[in-house]
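Scroll down for the structure; my scribbles are underneath it.
Computed from the coordinates by the stated procedures, all read-outs in this text should not be read as laboratory data. This is a predicted model, so every value here is computed, not measured. Quick reminder, even Gly has a Cβ in these numbers, built from the backbone with ideal geometry, and neighbours come from all protein chains shown.
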Protein chains: 2
Amino acid sequence: MITLYGCYRSRATRPLWLLAETGTPFTHVPVIQSYRLNQPKAPDAPLNTASPEFLAVNPIGQIPVLVDGALTLSESLAITMYLARRYGGALGPASDAESALMEQWSLFAATAVEGPALDIRMTLDKGMKTAEAEAFVAISAEKLRRPLGYLAGALKEDWLVGGRFTVGDLNVAECVRYAAAHGALMDEFPAVKAWLARAQARPAFQKMWAAREAEPL
Amino acid sequence: MITLYGCYRSRATRPLWLLAETGTPFTHVPVIQSYRLNQPKAPDAPLNTASPEFLAVNPIGQIPVLVDGALTLSESLAITMYLARRYGGALGPASDAESALMEQWSLFAATAVEGPALDIRMTLDKGMKTAEAEAFVAISAEKLRRPLGYLAGALKEDWLVGGRFTVGDLNVAECVRYAAAHGALMDEFPAVKAWLARAQARPAFQKMWAAREAEPL
């Protein structure tokens with residue numbers, strides 16, 4: 001049996017979306033980030049990322065983590081790749097070349113998109129209206145223009161790899177999602193905006209997102 | 001025939017090391033970074049990352065890029081994974097679980113190690129002795145203590161995956177290498193320092209490194 005550690009309001013959204021795509025049965029242990037213990041409405045979770053029981057599973061104290069038999073795996077984008085390859089059928093690679101392209105897009109998302117996109121999301125979520133906050137969002141958006149332009153150029157078809165929705169799209173979409181809070185930026189890249197909407201219209205994303213929204217902040 | 005684009009003084013060291021491990025024949029196109037055109041001793045390269053001919057290969061203008069038949073691949077850590085899987089025998093994964101762990105370690109290296117390690121390397125390379133430069137190196141080193149401690153904990157055996165040297169070690173070693181310029185930091189993690197020395201003692205690394213050192217700055 002697969003066990004996935006990590007609450008919905010974390011990068012566990014990625015494997016949770018993938019598991020909703022495949023319908024694979026799994027045990028969910030909704031470990032929360034330790035900093036959320038101090039928040040008034042933290043979910044009633046059995047473990048947090050500083051719990052000794054969780055650190056025994058993942059010594060770096062990060063969620064999500066997957067355990068599948070003898071395999072313990074961290075890094076959300078590697079977990080989705082594994083689940084797709086092992087249980088995902090057409091969501092995973094059909095050849096070494098597809099495997100390589102899915103890894104390429106996952107590394108691109110992690111290194112060129114996720115950092116500045118998360119900076120935008122967290123700053124906008126705080127609702128800060130200061131000049132400093134606005135400048136920080138503007139600089140983060142500027143960092144994203146080259147990667148988003150590159151992504152737009154790669155989206156000549158509906159999906160990134162193999163002419164079908166795959167874990168490659170899922171991994172990139174989950175990083176681009178943070179930037180979607182910046183509507184004007186997304187409007188500059190209509191191909192990216194339309195692709196993200198296609199990905200998020202999938203029933204599995206919708207199911208995952210509803211569960212995430214139901215989790216206390 | 002494989003074609004690899006990218007000079008030695010770039011992230012092309014990663015696939016060049018891997019190709020030295022496997023001995024696979026390839027065509028090398030030593031594309032240089034466009035900013036080096038203004039340096040006095042730039043290598044005499046046929047193309048740079050702003051050349052239209054290179055942008056036709058990789059629109060985001062980054063090296064390295066691999067072309068193998070119909071596949072064009074960017075992201076250095078995905079290129080090494082592909083080469084190992086396709087041509088590397090025991091350097092690549094022998095199972096879905098090994099594939100996942102190599103992807104996990106590659107993503108870990110790219111997201112938790114490479115940024116601050118490169119900050120250390122570039123600051124020390126400039127030889128700056130200002131208080132600001134020293135503070136920046138100290139902050140970057142502090143960012144690396146948690147990931148390097150985690151890596152040290154994972155090095156109970158000589159290598160990270162499957163009890164043998166693999167592309168997982170190569171990808172992480174190439175990111176940790178930037179931090180090795182900070183001797184005192186590495187001394188805090190003897191297991192990491194010894195593992196990096198083992199990896200870099202391999203004849204294929206030595207061959208790649210000699211070619212890199214021979215390339216003009």
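Between A:Glu188 and A:Gln206, with labels modelled 7 Å along Cα→Cβ, what's the label distance in nm to one decimal, could you check?
Distance between the two pseudo-spin positions: 3.2 nm.
Sort B:Ser95, A:Ser34 so that the residue with the fewest other Cβ atoms within 10 Å of its own Cβ comes first and the one with the most comes last.
B:Ser95, A:Ser34
So in the protein assembly as shown, what percent of DSSP beta bridges are antiparallel if you round to the nearest 5? Show your work: numbers first, answer last.
Numbers: 16 of 26 bridges.
Roughly 60 percent of the beta bridges in the protein assembly as shown run antiparallel, per DSSP.
For B:Ile2, what residues show an amide H to amide H distance below 5 Å, using hydrogens built from the backbone and excluding near sequence neighbours?
B:Thr27
Across region A:19-31, in residue order, what do the Karplus-derived ³J(HN,Hα) couplings come to in whole Hz, using 6.51 cos²θ - 1.76 cosθ + 1.60 with θ = phi - 60° and x for Gly and Pro?
5, 5, 5, 8, x, 5, x, 7, 9, 9, 10, x, 4
Report the net charge of residues surrounding A:Phe189, where surrounding means a beta-carbon distance below 13 angstrom and charges are Lys +1, Arg +1, Asp -1, Glu -1.
Overall, the nearby charge balance is +1.
For region B:80-92, just list the computed ³J(HN,Hα) in residue order, Karplus coefficients 6.51, -1.76 and 1.60, θ = phi - 60°, integers in Hz, with x standing in for Gly and Pro.
5, 4, 5, 4, 5, 5, 8, 10, x, x, 5, 6, x
For region B:53-100, what is the largest minus smallest coordinate of the Cα atoms on each principal axis, given in angstrom and ordered from greatest to least?
Between the extreme Cα coordinates on each principal axis of region B:53-100 lie 38, 19, 13 Å.
What is the set of long-range amide H partners of A:Asn48 at a cut-off below 5 Å, with H atoms built 1.01 Å from backbone N?
Here the answer is A:Ile32, since their amide H atoms fall under 5 Å of that of A:Asn48.
Put a point 7 Å out from Cα along the line to Cβ at A:Ala56; what are the distances to that point in the other copies, in nm, shortest first?
Listed shortest first, these distances are 6.1 nm.
So what J values fall out for region A:151-159 if you push phi through Karplus, 6.51 cos²θ - 1.76 cosθ + 1.60 with θ = phi - 60°, rounded to Hz, Gly and Pro as x?
Residue by residue, region A:151-159 yields 4, 4, x, 7, 8, 6, 9, 5, 10 Hz.
Report, as an integer, the average count of C-beta atoms from other chains found within 10 Å of each Cβ along B:103-115. Please list the in-between numbers first.
Numbers: counts 14, 12, 3, 7, 14, 6, 1, 7, 7, 3, 0, 1, 2.
Per residue, the number of nearby Cβ atoms from other chains is 6 on average.
Just for chain B, what percent of DSSP beta bridges are antiparallel, to the closest 5?
For chain B, the DSSP antiparallel bridge percentage is about 60.
Which residues in region A:179-201 have a backbone N closer than 14 Å to a point placed 7 Å from the Cα of A:Arg146 along the Cα-to-Cβ line?
Hits in region A:179-201 for A:Arg146 at 14 Å: none.
How far is A:Ala197 from itself in the other copies, in nm, if each label sits 7 Å out from Cα along the Cα-Cβ line, shortest first?
So the distances to the same position in the other copies read 5.9 nm.
Report the Stokes-Einstein translational diffusion coefficient (µm² s⁻¹, integer) for the protein assembly as shown, Rh taken as the Kirkwood radius over Cα pairs, at 10 °C with viscosity 1.306 mPa s.
70 µm²/s
7 Å along Cα→Cβ for the label point: how many nanometres lie between A:Glu157 and each equivalent label in the other copies, listed shortest first?
Once sorted, the set of distances for A:Glu157 reads 3.8 nm.
Can you give the local net charge around B:Glu213? Use residues other than it whose beta-carbon is closer than 15 angstrom to its beta-carbon, Lys and Arg +1, Asp and Glu -1. Walk me through the numbers on the way to the answer.
Numbers: positive: B:Arg9, B:Lys41, B:Arg177, B:Lys207, B:Arg212; negative: B:Asp125, B:Glu215.
So the environment of B:Glu213 carries a net charge of +3.
Among the lysines, which have Cα under 29 Å from the Cα of B:Lys207 when same-chain residues fewer than 8 positions away are ignored?
Output for B:Lys207: B:Lys41, B:Lys126, B:Lys156, B:Lys193.
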